[in-house]
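Notes follow once the structure below has been shown.
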Amino acid sequence: MAKLKLDLHDICKNGSLIEKELNRAINEAVEKRIALVEIIPGKGSGQLKKAVLRFLNRPEVKKLYHRIDKDRDNFGRLFVRFKH
């Protein structure tokens with residue numbers, strides 16, 4: 001199973017760059033028919049994770065993926081699953 005990994009720790013202070021990287025990862029997964037994208041917003045205060053979830057819940061983005069799983073062992077990790 002192919003998987004993409006997107007770590008947002010390095011770009012957490014730049015909102016437009018975060019959105020651009022999320023768009024790139026989602027579009028790459030759709031184009032290359034990758035089943036799973038792992039997004040790591042980090043544990044911090046949760047603000048970055050909330051921003052990522054808001055992005056993923058946009059109607060134009062939501063129609064591209066199948067579901068979102070939150071890692072129960074690691075609060076700072078999300079899995080976006082695709083059905084191709």
**Prompt:** Can you pull out the residues in the stretch 32-48 that are modelled with pLDDT under 90 and basic (Lys, Arg)?
**Reply:** Lys43
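Here is a check on your reading of the model: is Lys32 touching an Asp or Glu at 6+ places or on another chain (Cβ under 8 Å) and surrounded by fewer than 16 Cβ atoms within 10 Å (Cβ to Cβ)?
Considered against the rule, which asks whether it is touching an Asp or Glu at 6+ places or on another chain (Cβ under 8 Å) and surrounded by fewer than 16 Cβ atoms within 10 Å (Cβ to Cβ), Lys32 comes out as no.
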**Request:** Would you mind stating whether Arg81 is farther than 18 Å from Asp10 by Cα, surrounded by fewer than 12 Cβ atoms within 10 Å (Cβ to Cβ) and either in contact (Cβ under 8 Å) with a residue 40 or more places away in the chain or aromatic (Phe, Trp, Tyr) (or both)?
**Result:** no
**Request:** Please indicate, with yes or no, whether at least one residue in the stretch 51-65 is of a type in the set (S, T, N, Q) and either surrounded by 16 or more Cβ atoms within 10 Å (Cβ to Cβ) or modelled with pLDDT under 95 (or both).
**Result:** no
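The values are calculated or read from the model by the stated rules, or taken from the named source; none is laboratory data. This is a predicted model, so every value here is computed, not measured. With ideal geometry, Cβ positions are generated from the backbone for all residues, glycine too; neighbour counts draw on all protein chains shown.
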